[in-house]
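The values are calculated or read from the model by the stated rules, or taken from the named source; none is laboratory data. The structure displayed is predicted, hence computed values, not measured ones. Using ideal geometry, Cβ is built from the backbone for each residue, glycine included, and neighbour counts are taken over all protein chains shown. With ligands, DNA and RNA removed, areas are computed over all heavy atoms of the protein, side chains included. Shrake-Rupley method; radii C 1.70, N 1.55, O 1.52, S 1.80 Å.
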Amino acid sequence: MSGGDMAKPLLGHRSMEGDPSITPAAGRTIGVLGSGDFARSLAIRLVCSGFKVVVGSRNPKRKAGLFPSAAEVTFQAEAVKKTDVIFVAIFREHYSTLCDLADVLAGKILVDVSNNTEINHNKESNAEYLASLFPACTVVKGFNVVSAWTLQSGARDGNKQVLICSNNQEAKRTVAEIAQVMGFTPVDMGCMSSACEIENIPLRLLPAWKIPIFLALGLFLCFFTYNLVRQVIHPYIREQKNKFYKIPVEVVNTTLPCVAYVMLSLVYLPGVLAACSQLYYGTKYRRFPDWLDQWLQHRKQIGLLSFFCAALHAVYSLCLPMRRSHRYQLIETAVKQAAEKKMNIWVEEEVWRMEIYISVGIIALGLLSLLAITSLPSIANSLNWREFSFIQSTLGFIALVISTLHTLTYGWSRAFDENQYKFYLPPTYTLTLLVPCTVILAKVVFNLPCIQQRLLRIRRGWEKGRYVKFVLPSAMGEYSSGETSSNV
């Protein structure tokens, strides 16, 4: 089993791929009850995998044309009689229509593939409800996290995992065998009590992205409001100038790099906090607080959102000269220069500042692109751990340093100009420097030999105050126990 994200069990249970108890199942007959989109896709995938498929429908003549010619479409009772493994691809509210087949279904393995319309819609899972209707059958929950499109196009176009749970180990092995032949990775989720959680998985919308997205939106709103006050409200109140036209492009473009810069620093800040915790307690075995643990787990999403904002900032910056307002300002500046008979307005310092600012920004965006690309499972799987760590940690920190240089060259000496403080508010870029500079300073401190060696020892298993017992021979020929610190 590969080590990529796609091969990791979604709920932390073990994969059944490579289990010696799972034997090839191609060629056996599989039943499918239902004639909807999922049932049709399931039948296509089963046929392509070498299974004989019997589809049970209430209207076989009308539905036969929707299924592959290799699949037999007949009445439900006939389909049930021809196989021992049956996929129940009908809605929960229609389970009761199968009660007439209870005698024929006795002893069969029923694979429930259904999902709910909302999370925890019913007190009991669909699979548990099906098992209560047919106590003589063995019910297995599975295939509900796989889409109809993935079934038709193949496992390579979707998540390879098939989560399986049941109270019967033999039934789970049989279904896992079928899933493996179909090209999926069966994952044993335990007993039937896990069915409710499995059914909730397809209903969750980007569960790992909610906190990072809300964080990014919160930062965007804060910086946007701050920039709006400085760039639009201040000149309107103090100078009676209408600059509301800046809101769609200039204010947004000033806000995006602030969000990207702070988000990038928030990727590496939890690592600093974790190192501080390990140094303070002198062990790596003490559990981090829940908020820090969650923060560490969301670093990938935070980093990708940082790259997204940086990319938008680059696009917005390229579009700045295209605005009509910019053209008017150029003409107005040229007219003023002609009226004042200024022939040379070249400012060497400003030229160098902008050249360095743009060059460093391009390098920072390039490094962020590299970090984003290597975070993709398909790319990460081609790297060993040292390569992946070097790119994400070392190059990521370099990207943060270069982004800091990008910000500093943008501010230059203007941070000390009192005219830049609108309503006594400091320029936005000075605020964004707080968190990144803290991270950079902490990284520098951690690289000091005295601290680096101690942190390295802790991460290799050394613990402060840990004692080991040993035995000393006494003068009487007996043995007495003593203690010594492990760090001696």
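For region 95-190, the alpha carbon convex hull comes to 115 Å³ per residue, rounded to a whole number. Taking the C-alpha atoms only, the angle from helix 210-228 to the longest principal axis of the chain is near 20 degrees. The Kirkwood radius of region 161-226, taken over pairs of alpha-carbon atoms, gives through the Stokes-Einstein law at 10 °C and 1.306 mPa s a diffusion coefficient of 108 µm² s⁻¹. Relative to the longest principal axis of the Cα atoms of the chain, the long axis of helix 348-374 makes an angle of roughly 10 degrees. Give the accessible surface of region 281-372 per residue, rounded to a whole number of Å², with probe radius 1.4 Å and ligands, DNA and RNA excluded. Each residue of region 281-372 exposes 70 Å² on average to a 1.4 Å probe.
Here residue 299 sits with roughly 90 square angstrom of accessible surface, probe radius 1.4 Å.
With Cα atoms as the point set, region 279-381 shows a radius of gyration and Dmax of 23.1, 73 Å. Taking the Cα centre of the chain as origin and assigning +1 to Lys and Arg Cβ atoms and -1 to Asp and Glu Cβ atoms, the resulting dipole is close to 780 debye.
Using the Karplus relation 6.51 cos²θ - 1.76 cosθ + 1.60 with θ = phi - 60°, the per-residue 3J(HN,Hα) values for region 296-304 come to 4, 6, 9, 5, 4, 5, 5, x, 5 Hz, with x marking Gly and Pro. Per-atom-type breakdown for region 108-225 gives carbon and sulfur 59% of the accessible area (1.4 Å probe, protein chains only).
Distances between placed amide hydrogens fall under 5 Å for residue 73 paired with 55, all partners being 5 or more residues away or on another chain. Relative to the longest principal axis of the Cα atoms of the chain, helix 396-411 runs at roughly 30 degrees. In terms of overall dimensions, the C-alpha atoms belonging to region 29-203 reach 39, 37, 30 Å along their principal axes, ordered largest to smallest.
For region 117-132, backbone phi angles converted through the Karplus equation (6.51, -1.76, 1.60; θ = phi - 60°) give residue-by-residue couplings of 7, 8, 5, 6, 5, 10, 5, 10, 5, 4, 5, 5, 5, 5, 5, 5 Hz, Gly and Pro being listed as x. Protein heavy-atom accessible surface, 1.4 Å probe, per residue over region 29-203: 42 Å². Here's the picture: charge each Lys and Arg Cβ at +1 and each Asp and Glu Cβ at -1 in region 315-395, and of 368, 390, 320 the one pushed furthest to the positive end of that dipole is 320. Dividing the summed -39500 (n - 2.57) terms of all DSSP H runs of n ≥ 4 by the residue count of the chain sets its mean residue ellipticity at 222 nm at -15000 deg cm²/dmol. For region 207-280, the solvent-accessible area works out to 47 Å² per residue, with a probe of 1.4 Å and every protein chain left in place. Note on region 340-397: the C-alpha convex hull projects to 5.8 nm² when averaged across all orientations. The P(r) of region 51-105 has a tail past 19 Å containing 25 percent of all C-alpha pairs. Each principal axis of region 212-301 carries a Cα extent, and these read 61, 23, 17 Å when sorted largest first.
Note on the chain: Kirkwood hydrodynamic radius from all Cα pairs is 28.2 Å, rounded to one decimal.
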